[in-house]
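What follows is a short report on a single structure.
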């Protein structure tokens, strides 16, 4: 039987991927006692070394700091419900995590660098750009960045609630799955690999009453080319030991697809899993799309923090949705919340339903004066462009 074209393309992309981001989940990094699992990490490290020796650039995103810190401090899991306790555990565990990686990679002379990130490194476009420069320099020097959220100063991941992800809660990243995808997007990497404690995404989810009857659900879905509402419903439910579940991995995969790359969800405990993935073998679930969103538009969609909202009239909405129109001051009904020039704002209709986001050209105070008619009509100020089309993304494209 001839191999179908999507399968050929999947194999080609993974075999030829030159820049890859690999995310290791807590269940992969730590053992039952909460310590670093050298038994699991050892083979993965050897595979990463092999990838680097083959000429590929590797960026590692690693969870596990909070769990390691809690184990070292002898704290019961129930204590970790307190955010400050989790921050303290992260501070203790991060050094343990990096020491473990240093020991594991030292024998193969792989140089590593710790990179701790906060949401501001993504929401601020200048810092977002600087992040790219720093990462590019590390990779050029042959150094492998090991990334985690800076939990000691940032609470966005520690306070993350899986239920909020399902309601489009405005948070840039609340887990390392999405963080890894945003890093992949910024670096324009070819592949994102999310290693967890399951073999991929299944059509049967014990946390969901309804199941899909296309297959018996005993094997993971091999290839996904479009993320549908049905898949999102299947992905509901957090993972044991970590904050993110399959839903966050699905969101990460969508970012990877919009970046023009591929994403793979696979079991980090499987033998030689990374070797098999990049040899093109069918393992786990691969997400692949032929479409690609431009870099600035990806930042607006996934990384930028929304600072305010503008409500527009029906004419402005129709012009934006139906063509290539920019948002003019004359189409704005009112401004909500404060924002500065070059902030990303939500653009909503009269009922408050968001249909687009964009980078605004002026501050909220000036925008309010424009729409309130404080400028003489003959000056043309009402025709000022508040959001240019190139800086605007429709919700249906996200």
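Things worth noting here:
- In the range 261-269 there is at least one residue that is farther than 30 Å from residue 34 by Cβ, modelled with pLDDT of 90 or more and in contact with a helix residue (DSSP H, G or I) (Cβ under 6 Å, 6 or more places away or on another chain).
- Taken over the range 38-74, residues that are surrounded by 16 or more Cβ atoms within 10 Å (Cβ to Cβ) and on the phi > 0 side of the Ramachandran plot amount to 1.
- Condition met for residue 133 (part of a helix (DSSP H, G or I) and modelled with pLDDT under 90): no
- Residues that are in contact with a strand residue (DSSP E or B) (Cβ under 6 Å, 6 or more places away or on another chain) and over 26 Å from residue 185 (Cα atoms) were ranked within the range 301-319; the one that is surrounded by the fewest Cβ atoms within 10 Å (Cβ to Cβ) is 313.
- Across the range 88-108, not a single residue is classified as in contact with a helix residue (DSSP H, G or I) (Cβ under 8 Å, 6 or more places away or on another chain), closer than 24 Å to residue 182 by Cα, surrounded by fewer than 22 Cβ atoms within 10 Å (Cβ to Cβ) and modelled with pLDDT under 90.
- Scanning the range 113-130 for residues that are within 15 Å of residue 179 (Cβ to Cβ) and outside any helix (DSSP H, G or I) gives 114, 115, 116, 117, 118, 119.
The values are calculated or read from the model by the stated rules, or taken from the named source; none is laboratory data. It should be emphasised that the depicted structure is a prediction, and the values quoted were computed from it without experimental measurement. Every residue, glycine among them, receives a Cβ derived from its backbone with ideal geometry; neighbour counts consider all protein chains shown.
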